[in-house]
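Asks: First, the structure itself, so that you have it in front of you.
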Amino acid sequence: MTGLLSKFPWFFSCRLLYNQRSTQLDNHVGLMHPPRLAVSLIMLHSKYFTSLLLGQPSRRWLGPLPQVCAGLLLLTSILAPAFAAEENSLEQFRKNIEPILVEKCYDCHGNGMEEGSVAFDGFASQEELVENPQLWWRALRMVRAGMMPPVEMTPLTAEEKQTLETWIKRSAFHGDPNNPDPGHVTLRRLNRNEYRNTIRDLIGVEYDTQNDFPQDDSGHGFDNIGSVLTVSPLLLEKYLAAARTIIGQAVPLASKMTPEKKLTGIEFLPEGADSNNEANSNNEERGPRWLSYYEPGWVSHRVKVEHPGRYQLQVNLSADEKFVDDEFDYNKCRLNFSVDGMSKLSEEFSRQGHKPYQFSYDVDWQPGEHELIFELTPLTPDEKQIRSLTIRIKEVIVRGPFGDEHGVPVPNYAKFFPREVPENIEDRRVYAHERLEKFATRAYRRPVDDETVNRLVALAEVTSSHPGNTFEAGIAEAMTAILASPRFLFREEAALAPTADSTYPFLDDYSLAARLSYFLWSTMPDEELSRLAAEGRLRENLPAQFERMFNDPRSEQFIRHFVGQWLRARDIESVVINGSEVVQRDAAPDPAAQKMRKRFRALLMKPREELTEAERKEFAEVRRRFRRQRERFERFDLDGELRRAMRRETELVFETILREDRPLTELLESDYTFLNEKLAEHYGVAGVTGDEMRLVKLPADNPRGGILTQGTVLAVTSNPDRTSPVKRGLFVLDNILGTPPPPPPPNIPLLEDAGNEQQRQSFTVREALALHREAPLCSSCHNRMDPLGLALERFNALGMWRETDHGKPIDSAGALITGEEFTDIKELKRVLVANHRQEFYRCLTEKLLTYALGRGIEYHDTETVDAIAAQLEATDGRPSALLKGIVGSAAFQKSRPLQTAIESATIDSAASDASTTKTASAAHATSAGRP
Amino acid sequence: MSHRDHKLSGKFPRRHFLRGLGASIALPAFASLSGTKLFASEQAANVAVTASGAPLRTAFVYFPNGAIPSSWWPAQTGKDFTLTGTLEPLQKLKNQLQIFGGLDQENAEPGSDGAGDHARGNSVFLTGVRLQKSSTDVRAGISIDQEIARQVGDQTMLPSLELSSDTERPSGNCDSGYACAYQHNVSWKSATTPMPPERNPRLVFERLFGAGSPGERAANLARRRAGQRSILDFVMEDARQMESRLAAQDREKLDQYLTGVREIEERLQRAERMAAAKDPGIEAPTGVSQNFGEHVGITFDMMLLAFQTDLTRVATMMLAHDGSNRSFDHIGIAEGHHDLTHHRNEEQRIQKVAQIDRWYVGQFANFLERLQNTPDVDGKSLLDNSMIVYGSGNADGNRHTHSNLPIILAGGGGGTLNPGRHVNHGSQPLCDLFLSLADRMGVSNLERFGDSTGRLKDV
């Protein structure tokens, strides 16, 4: 990888090269008519641009430049005749496109037909039709996906398809490949993950945004999309509170503090343990100590102090348990905490669901050793032990001795205050200015103006002037304000001045630095990036910087969050799958068990007070049997470890392919995966022992390998009790082939009425779906989705291999709508790689571009996506080509200039028109009015 | 739950953390939590207040995926009706509520927008507008709770409270081309700003009363507020500076930020003006329980506490988002809820869905019972002085219909409602009901809302 990434030319140099070459080309094609020349140039440029833009990391990418040029010119001359000279897009449309539409499309989209609300001849004028990029974008996608014309109609010839594609991309989109529209990325606020990482890197505090902030909205499948990330009043409140908490934790308010020693739970040893041995062996894991509610026991620690004086002991505990659904544990215990034989705490604990406790005690200690003892006494020997109740001794913090003379330096003081605070007011102001400018520059990820720093200094001075407040407290207050500022919370971007030739301007280096760091690391730029940006040298150092960032461990964030959302690997941690139910349904139905469940539900429906004594007994019995049955299958439930292993498998496979620059098609088909013992057992792969995930070469006949057969994808696309071939098929169309079917019609007829109820009870999913597909309304999409999902039917909702569904053998054979037949998943994978690679490349490119930019793909991105996908095809699917293609694209590097005042006024009024009621829009205007 | 009730007294610590408390601490002491300031302060005329001077509250509780119609609707209309089937858990509260038939959300129908009935069901429910079908360009409308909060919100510390007992959201795309915001929010501050609900009861509690042990909370809350004003001044100036550099689409994002800033400023002003809410003197809940029933119960308890202490008079709660595929194994149903609602007319599946519907109703009934057992400042019950709408944006989850929605209006509305009835309104916009409630809350100058055609007269 190192070699690959290091020597490709990047955007800037590409453009220079291009300009030189195009001059030559102008000469070369000087005899052509201008429009034709334009087309040729466009064609040439798009290829050429891409190859240069993407760079040439390996000889395999492209041949020597002259050959490429020759090839491109050839290509140009082949395609150019499609558009004769001196035609604008309308004329081209009339001449080349309209005849195709009339012949192949008008049966449904013309001559009075209006399927899907599309009639090509239904526009006021042909100008209006031609100037409708959204319509043509839809058409392009439908044609490319093979959805249009529908299978039963006459297909487009390859030439027609090419003509149509070319015209749409060049004319309907008004694309100027020489100066592609980079699009507009709506002002992005940091999402929960980015906020947490940024805070960690900025100030060294771990802030649990996952728990404390409301969930981020996502759009286009990702949670970093500017336009859908909103700021509600609640979130703003959270931001303010977080800023205060974070600064409170990080920034010392004085240079000296009372000495503090933390004794973790594990340092409290049970009776008879050799303190030296245990203390040493546990040096690495300074974790908590657990005491069971069910067994008497005690642990102790001797703490030695040097100075006499007042000390404070702070005890941090929690009452933990292992969750068991719907069953409680009524055990109680008493916990004693004593210091030198004096009891300080004696409290009774029942089940408290992980509740934390904090107790503080003051003690006057003499120099020497002091003994701290925790002692637990069970109080309920006869109760059933269900939830493994424990007292978790997190730590005891020993603070003291108190008094200024004992103060010790605050550990991270110098990080925030490298010099001593000056006495003189003027010097203090200078010092405050220096500290706050530095912090604000990092936090805002770009230089701050003096006016802002002066406001910060003023804020700091007011705070530190309050009685009892230090200089440091003032700085901390100003830093709190910085973390609450929109300039920290949003990622503001700026562009360089537009160039004379009115091409789209490049983003400035600070914006580029932030785009890179949030793309690859989900965090703020580090010092090196910021320094290069400040020196204005980032763009020229882009290849080296990209390589450095990619090789940095922080890029794990990119892998985790991109794969986590693209392949939904994140969701495996929370998806509800009922293990015992899934496994039982694989076998033949058990009428007795079904009857029992039914009876249970019937009894449950009756008001308790109406149950007869006999029914009460029955209820208890049914419950008991239920539980027993569930216990039998408990081992199939996806526990936390297994879920994590699944997520890691997906991440590691992707990461390996990326880091080793292996063909991306290995995501679809490979003879290896990553497993640990638990996951291997789940998959039925022998010979893997131990907890750590490692590369496992799969036996030739093993169906695994590739994302489709990973536990993550298989489980997150299932229902809690059964597989869903439709969801699985949809997943493949959506995330692998990039050709999602249109959503189902709103009022789905009750197709499943077909067949009688008894039949349906024992239907396999395949049988049910076959009925479904008989309806023409459903077949067009389900013929595309279902075979993909049914090929995966050999994997149950837990992702385990199975032989039967409802006790019947499973048939995973099928045919794609494009005609290829397959008998099992292995063959399907082969078909996808061999025949549908390009769709996959394009799909992955779109997903990655979406994630990298923080906006959805628009029609004007078509050229960029096509170019990168073509490059992938040319390089055998090398991830380096993909990543560099994204980072080198105009969309990533450039910016659409600000809109004029008139344009924004139009948008504003459109926005308020959208709020449907007068009153509502009035409310909107009031609440969102400017200050 | 009552089959375990014998355990409540001795061995059931914090099963429902407040219910447990109700059992152990005499209720009168608990009643003293209610604010007294209403009688003392100069109330704006008739804003969210009952004739007897108590606060008037309104809440909207959303349940997912509609309800099986045949099990939902009582056979009789008028005052003489029996709640069976799905609504049976509400039978003993029958005289405190109204079952409304014939209310529609027409804008949740597909129209020319095609599929996406769960996204629409969810976000049209309280807005009544047609949603912009887009993954990016999110446009709904202000929701009725926010419209009310906009006018009565300054009476209380929090203008409104948004709660949820839903699961963590999955990644990936949401319903049929609609942005996920639609399917996961019912409350909208404006067309473009959803109000994401809080699903962690501990955080709700700390927001209401402050963090820490009972004794420290008020001080912690005050400390958090102190010094906030100077920070707000600073960030406001930063925002102004930034605004001048932004494109129009971006300014909208900044506007959301500024709205939040202003709201906090207003709250600071109210904090100076109003007496602090009394601390309930109980431990904060520990977080999100893994037991769904417990999570729902505690979340309802948070709403009750906020109403009782008069920290807000407007609330919404999402039991789960529309399309939720939660499994109800604890009542013997292993399938996913949404999956089941497409029941293929199989009796078994229909029954299971009805049981899930009923389970949700049961949780709501528990909440109403607690409201009824909690005395308000005027000696009536909290339920008497509330208007709680319970409903779903889908009527029949199988067919995705949005007319004749399952709607219950609970509470006496401070004597302004006529509970104890099952009324069929024929076919009226649900928004007509919302207007009637808004009127009672003292909202003025709201002629229309969503697709309203007038006021619902017979409530």
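The values are calculated or read from the model by the stated rules, or taken from the named source; none is laboratory data. Only a predicted model underlies this, so the values are computations on that prediction, with no experimental measurement involved. Methodologically, a virtual Cβ is constructed for each residue, glycine included, from the backbone with ideal geometry; neighbour enumeration extends over all protein chains shown.
Asks: Tally up the residues in the range A:700-727 that are assigned to a loop (DSSP other than H, G, I, E, B) and in contact (Cβ under 8 Å) with a residue 12 or more places away in the chain, please. It would help to see each step written out before you state the result.
Replies: Residues of the range A:700-727 assigned to a loop (DSSP other than H, G, I, E, B): A:700-706, A:710, A:717-724.
Applying the additional criterion that residues be in contact (Cβ under 8 Å) with a residue 12 or more places away in the chain yields A:700, A:702-706, A:710, A:717-724.
Result for the range A:700-727: 15.
Asks: How about the range B:136-158: which of its residues are crowded, with 24+ Cβ neighbours inside 10 Å, within 7 Å of another protein chain (Cβ to nearest Cβ) and farther than 16 Å from B:Tyr182 by Cβ?
Replies: The one that is crowded, with 24+ Cβ neighbours inside 10 Å, within 7 Å of another protein chain (Cβ to nearest Cβ) and farther than 16 Å from B:Tyr182 by Cβ: B:Glu147.
Asks: Of the residues that make up the range B:441-459, is at least one outside any loop (DSSP other than H, G, I, E, B) and touching a strand residue (DSSP E or B) at 6+ places or on another chain (Cβ under 7 Å)?
Replies: Initially, the range B:441-459 is screened for residues outside any loop (DSSP other than H, G, I, E, B), giving none.
Scanning the range B:441-459, I find no residue that is outside any loop (DSSP other than H, G, I, E, B) and touching a strand residue (DSSP E or B) at 6+ places or on another chain (Cβ under 7 Å), so the answer is no.
Asks: Working only within the range A:471-481, note down all residues that are touching a Leu at 6+ places or on another chain (Cβ under 7 Å), within 9 Å of another protein chain (Cβ to nearest Cβ) and of a type outside the set (D, E, K, R).
Replies: Answer for the range A:471-481, where residues must be touching a Leu at 6+ places or on another chain (Cβ under 7 Å), within 9 Å of another protein chain (Cβ to nearest Cβ) and of a type outside the set (D, E, K, R): A:Ala478, A:Ala481.
Asks: Output the residues belonging to the range A:771-796 that are more than 16 Å from A:Pro703 (Cα to Cα) and not in a helix (DSSP H, G or I). Give the derivation first.
Replies: Step one: of the range A:771-796, the residues more than 16 Å from A:Pro703 (Cα to Cα) are A:771-787.
Across the range A:771-796, the qualifying residues are A:Glu774, A:Ala775.
Asks: For a quick check of your reading: which strands (runs of 3 or more DSSP E) sit entirely within the range A:290-392 and have at least 1 residues that are in contact (Cβ under 8 Å) with a residue 60 or more places away in the chain?
Replies: Details: elements: A:297-305, A:309-320, A:333-339, A:342-349, A:355-365, A:368-378.
Qualifying strands (runs of 3 or more DSSP E): A:297-305, A:309-320, A:355-365, A:368-378.
Asks: Now for a separate question. I'd like the full set of residues that are outside any helix (DSSP H, G or I) and either without any contact (Cβ under 8 Å) to a residue 24 or more places away in the chain or not assigned by TED's automatic domain parsing to the domain that holds A:Arg435 (or both), limited to the range A:199-229. I'd like the intermediate steps shown before the answer.
Replies: Narrowing the range A:199-229 to residues outside any helix (DSSP H, G or I): A:204-208, A:213-225, A:229.
Once the filter is applied, which keeps residues that are outside any helix (DSSP H, G or I) and either without any contact (Cβ under 8 Å) to a residue 24 or more places away in the chain or not assigned by TED's automatic domain parsing to the domain that holds A:Arg435 (or both), the range A:199-229 yields A:Glu206, A:Asp208, A:Gln215, A:Asp217.
Asks: If a residue must be closer than 25 Å to A:Arg144 by Cα, under 21 Å from the mean Cα position of the chain (by Cα) and either at pLDDT 95 or above or buried (at least 20 other Cβ atoms within 10 Å of the Cβ) (or both), how many such residues does the range A:707-733 contain? Outline the logic, then answer.
Replies: Initially, the range A:707-733 is screened for residues closer than 25 Å to A:Arg144 by Cα, giving A:707-708, A:725-733.
When the remaining residues are screened for being under 21 Å from the mean Cα position of the chain (by Cα), the result is A:707-708, A:727-728, A:730-733.
Okay, now just the ones that are also either at pLDDT 95 or above or buried (at least 20 other Cβ atoms within 10 Å of the Cβ) (or both), so A:707-708, A:728, A:730-733.
Of the residues in that region, 7 qualify.
Asks: Just a yes or no: is a residue in the range B:271-285 under 21 Å from the mean Cα position of the chain (by Cα), within 12 Å of chain A (Cβ to nearest Cβ) and assigned to a loop (DSSP other than H, G, I, E, B)?
Replies: Yes, the range B:271-285 contains at least one residue that is under 21 Å from the mean Cα position of the chain (by Cα), within 12 Å of chain A (Cβ to nearest Cβ) and assigned to a loop (DSSP other than H, G, I, E, B).
To keep it simple, each residue is scored yes or no on (1) buried (at least 19 other Cβ atoms within 10 Å of the Cβ); (2) modelled with pLDDT of 95 or more; (3) assigned by TED's automatic domain parsing to the domain that holds A:Pro308.
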| residue | (1), (2), (3) |
| --- | --- |
| A:Gly353 | yes, no, yes |
| A:Pro422 | no, yes, no |
| A:Glu434 | no, yes, no |
| A:Tyr444 | yes, yes, no |
| A:Val453 | yes, yes, no |
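Asks: I need a count of the residues in the range A:483-533 that are out of contact with any Lys or Arg (no Cβ under 9 Å at 6 or more places or on another chain) and of a type in the set (Gly, Ala, Ser).
Replies: 4
Asks: If a residue has to be within 14 Å of another protein chain (Cβ to nearest Cβ), buried (at least 22 other Cβ atoms within 10 Å of the Cβ) and not aliphatic (A, V, I, L, M) to count, how many in the range B:417-451 make the cut?
Replies: Of the residues in that region, 6 qualify.
Asks: State whether the residues of the range A:580-597 include one that is within 14 Å of chain B (Cβ to nearest Cβ), within 23 Å of the chain's Cα centre (by Cα) and assigned to a helix (DSSP H, G or I). It would help to see each step written out before you state the result.
Replies: Quick first cut of the range A:580-597, residues within 14 Å of chain B (Cβ to nearest Cβ) only: A:580-586, A:589-591, A:593-597.
From what is left, the residues that are within 23 Å of the chain's Cα centre (by Cα) are none.
Checking the range A:580-597: not a single residue is within 14 Å of chain B (Cβ to nearest Cβ), within 23 Å of the chain's Cα centre (by Cα) and assigned to a helix (DSSP H, G or I).
Yes or no, residue by residue, for (1) among the polar types (S, T, N, Q); (2) within 38 Å of the chain's Cα centre (by Cα); (3) buried (at least 17 other Cβ atoms within 10 Å of the Cβ); (4) farther than 24 Å from A:Glu91 by Cα:
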position	(1), (2), (3), (4)
A:Asn111	yes, no, no, no
A:Glu114	no, no, no, yes
A:Ser125	yes, no, no, no
A:Glu131	no, yes, no, no
A:Trp137	no, yes, yes, no
A:Met147	no, yes, yes, yes
A:Glu152	no, no, no, yes
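Asks: Still on this structure, please answer the following. Within the group A:Arg773, A:Arg794, A:Arg830, which residue is among the basic types (Lys, Arg) and loosely packed, with under 15 Cβ neighbours inside 10 Å? Lay out the reasoning, then the answer.
Replies: On the way: A:Arg773 fails: loosely packed, with under 15 Cβ neighbours inside 10 Å; A:Arg794 fails: loosely packed, with under 15 Cβ neighbours inside 10 Å.
Sole residue among the options that is among the basic types (Lys, Arg) and loosely packed, with under 15 Cβ neighbours inside 10 Å: A:Arg830.
Asks: Can you list residue pairs whose Cβ atoms sit under 9 Å apart, with the first residue in the range A:598-612 being farther than 22 Å from B:Val353 by Cβ and in the same structural domain as A:Arg625 (by TED's automatic domain parsing) and the second being surrounded by 13 or more Cβ atoms within 10 Å (Cβ to Cβ) and modelled with pLDDT under 80? Count only pairs 6 or more apart in sequence or on different chains.
Replies: Close Cβ pairs (under 9 Å, with a partner that is surrounded by 13 or more Cβ atoms within 10 Å (Cβ to Cβ) and modelled with pLDDT under 80) amount to A:Arg608/B:Met1; A:Arg608/B:His3; A:Leu611/B:His3.
Asks: Further, regarding this structure: Here are the criteria: (1) in contact (Cβ under 8 Å) with a residue 60 or more places away in the chain; (2) assigned to a helix (DSSP H, G or I); (3) within 10 Å of chain A (Cβ to nearest Cβ); (4) surrounded by fewer than 20 Cβ atoms within 10 Å (Cβ to Cβ). Tell me which single one B:Ala218 does not satisfy.
Replies: (3)
Asks: Taking into account only those residues within the range A:296-325 that are loosely packed, with under 14 Cβ neighbours inside 10 Å and within 14 Å of chain B (Cβ to nearest Cβ), which is farthest from A:Phe626 (Cα to Cα)?
Replies: Only one residue fits best here, namely A:Lys322.
Asks: Let me ask something else about it. Looking only at the range B:121-141, which residues are part of a loop (DSSP other than H, G, I, E, B) and not hydrophobic (A, V, I, L, M, F, W, C)?
Replies: First, the residues of the range B:121-141 that are part of a loop (DSSP other than H, G, I, E, B): B:125-141.
If the condition is that a residue be part of a loop (DSSP other than H, G, I, E, B) and not hydrophobic (A, V, I, L, M, F, W, C), then B:Thr127, B:Gly128, B:Arg130, B:Gln132, B:Lys133, B:Ser134, B:Ser135, B:Thr136, B:Asp137, B:Arg139, B:Gly141 are the ones that fit.
Asks: Of all the helices (runs of 4 or more DSSP H) wholly in the range A:465-550, which have at least 1 residues that are out of contact with any helix residue (DSSP H, G or I) (no Cβ under 7 Å at 6 or more places or on another chain) and buried (at least 23 other Cβ atoms within 10 Å of the Cβ)?
Replies: Where helices (runs of 4 or more DSSP H) fall fully within the range A:465-550 and carry at least 1 residues being out of contact with any helix residue (DSSP H, G or I) (no Cβ under 7 Å at 6 or more places or on another chain) and buried (at least 23 other Cβ atoms within 10 Å of the Cβ), they are A:509-520.
Asks: Could you tell me whether B:Pro429 is closer than 19 Å to B:Thr86 by Cα and in the same structural domain as B:Arg370 (by TED's automatic domain parsing)? I'd like the intermediate steps shown before the answer.
Replies: Working: closer than 19 Å to B:Thr86 by Cα: no; in the same structural domain as B:Arg370 (by TED's automatic domain parsing): yes.
Against the criterion (closer than 19 Å to B:Thr86 by Cα and in the same structural domain as B:Arg370 (by TED's automatic domain parsing)), B:Pro429 does not qualify.
Asks: Another question about this same structure. Please list, ordered by first then second residue, the pairs with beta carbon atoms under 6 Å, 6 or more apart or interchain, first in the range A:815-828 and outside the structural domain of A:Gly706 (by TED's automatic domain parsing) and closer than 20 Å to A:Met142 by Cα, second of a type outside the set (Val, Ile, Thr) and in a strand (DSSP E or B).
Replies: Matching pairs, first to second residue: none at all.
Asks: Same structure again: In this structure, is B:Gly102 surrounded by fewer than 21 Cβ atoms within 10 Å (Cβ to Cβ), in contact with a strand residue (DSSP E or B) (Cβ under 7 Å, 6 or more places away or on another chain) and more than 23 Å from B:Asn366 (Cα to Cα)?
Replies: Values: surrounded by fewer than 21 Cβ atoms within 10 Å (Cβ to Cβ): yes; in contact with a strand residue (DSSP E or B) (Cβ under 7 Å, 6 or more places away or on another chain): yes; more than 23 Å from B:Asn366 (Cα to Cα): yes.
Yes; evaluated as a whole, the condition is true for this residue.
Asks: Mind telling me which of the residues B:Leu268, B:Leu311, B:Leu258 ends up being outside any strand (DSSP E or B), hydrophobic (A, V, I, L, M, F, W, C) and free of Cβ contacts under 8 Å to residues at least 24 places away in the same chain? I'd like the intermediate steps shown before the answer.
Replies: Working: B:Leu268 fails: free of Cβ contacts under 8 Å to residues at least 24 places away in the same chain; B:Leu311 fails: free of Cβ contacts under 8 Å to residues at least 24 places away in the same chain.
On inspection, the qualifying residue turns out to be B:Leu258.
Asks: Within the group A:Leu642, A:Leu604, A:Leu652, which residue is within 26 Å of B:Glu347 (Cβ to Cβ), part of a helix (DSSP H, G or I) and of a type in the set (A, V, I, L, M)?
Replies: Working: A:Leu642 fails: within 26 Å of B:Glu347 (Cβ to Cβ); A:Leu652 fails: within 26 Å of B:Glu347 (Cβ to Cβ).
The conditions single out A:Leu604.
Asks: Another question, then. Here is a list of conditions, (1) at pLDDT below 95; (2) farther than 22 Å from A:Ala172 by Cβ; (3) not small (Gly, Ala, Ser), and A:Glu863 meets all of them except one; can you say which number that is?
Replies: So the condition that A:Glu863 fails would be (2).
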